[in-house]
1. Using a cut-off of 14 Å between beta-carbons, work out the net charge of the residues near Arg145 (Lys and Arg +1, Asp and Glu -1, Arg145 not included).
2. Once you list every other residue whose beta carbon is under 9 Å from the beta carbon of Asp47, what net charge do they have if Lys and Arg are +1 and Asp and Glu are -1?
3. Placing +1 on the Cβ of each Lys and Arg and -1 on the Cβ of each Asp and Glu in region 84-163, which of Tyr136, Ala103, Ala115 has its Cα farthest towards the positive end of the resulting dipole?
4. What Kirkwood hydrodynamic radius, in Å, does the chain give when the mean of 1/r is taken over all pairs of distinct Cα atoms and then inverted?
5. Working out 0.36 nm times the residue gap between Ala6 and Phe74, then minus their Cα-Cα distance, what length gain in nm do you get to one decimal?
6. Would you mind working out the magnitude of the charge dipole of region 18-82 relative to its Cα centre, with +1 at each Lys and Arg C-beta and -1 at each Asp and Glu C-beta, to the nearest 20 Debye?
7. Under 1.5 on a/c is rounded, so check that first for region 75-163, then, if it is not, pick prolate when a/b is larger than b/c and oblate when it is not; a ≥ b ≥ c are the square roots of the alpha carbon gyration tensor eigenvalues.
8. Using the Cα gyration tensor of region 112-156, with a ≥ b ≥ c the square roots of its eigenvalues, what is the shape: rounded (a/c below 1.5), prolate (a/b larger than b/c) or oblate (neither)?
Amino acid sequence: QSDLLAHLNVWAVKARPEVPDGPVALAMDRGLDWLARSGLDTHAAVDVPPVFGPGDGNLANYLWDGSSVRVVDFEDSGRSDRAFELAEITEHVGSWVEHPLDALSFLRHFDLTAAESVRLERCRRLLALVWLFLLYFDSHSEDTRNPVGTVERQADRLLRLLA
C-alpha cells in the first residue's frame with residue numbers, strides 16, 4: 001500500500017496539471033482530496049489480520065476448477081490482508097472492462113470483520129484512484145491496451161465509490 005501512495009503522489013504532480021476539465025479531472029481531484037483525508041498514509045491496518053496475498057487482482061492470475069481457486073502469479077505477492085486482496089480483484093481493470101465482475105455479489109461470499117469491511121471500502125477507493133491514473137497514462141500512449149473510453153469509465157467508477 002505504501003508503494004501505491006508514493007506512486008500516486010508522483011503521478012498527481014505529473015498528470016493532474018495536464019488533464020483538461022471534465023469527468024476525469026473531477027474524479028482525480030475528488031480522489032486526491034479523499035486520499036489526503038483518508039489516513040491511509042499514517043494508519044497501518046492494525047485491526048485486520050495479515051495474510052500472504054498475491055497482490056495482483058487480475059482475474060487471469062486465478063484458476064477455478066469448479067471447486068477450488070488456485071493462484072498462478074506470485075510476482076507481486078507478500079504480506080497483505082484480505083480486504084486489500086479483495087479490493088485488488090474487484091477494482092482491477094480486468095474485472096470490469098470487458099466482462100464485468102459483479103463485485104457486490106462476489107464480496108458477499110466473504111465473511112469480513114467490521115474492520116475489514118471499512119478497510120475494503122478504503123482499499124477499493126485507493127485502487128480505483130490508482131487505476132484512474134494508470135488508465136489515463138495508458139490512454140495517452142501510442143500502444144494503448146484498453147478500449148477508447150476506458151479512462152472515462154474508470155473516472156465514473158471512482159466517483160461512485162467516493163459518493
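1. Combined, the nearby Lys, Arg, Asp and Glu give -4.
2. Working: positive: Arg119; negative: Glu116.
Cβ neighbours under 9 Å give a net charge of 0.
3. Towards the positive end, the residue furthest out is Ala115.
4. Answer for the chain: a Kirkwood hydrodynamic radius of 16.5 Å.
5. Between Ala6 and Phe74, full extension yields an extra 22.3 nm.
6. Roughly 280 debye for region 18-82.
7. Working: a/c = 2.02, a/b = 1.75, b/c = 1.15.
Note, shape of region 75-163 comes out prolate.
8. Cα axes put region 112-156 in the prolate bin.
Read the figures in this text as sums done on the coordinates, not as results from a lab. Everything numeric here is computed off the predicted structure, so don't read it as measured data. Using ideal geometry, Cβ is built from the backbone for each residue, glycine included, and neighbour counts are taken over all protein chains shown.
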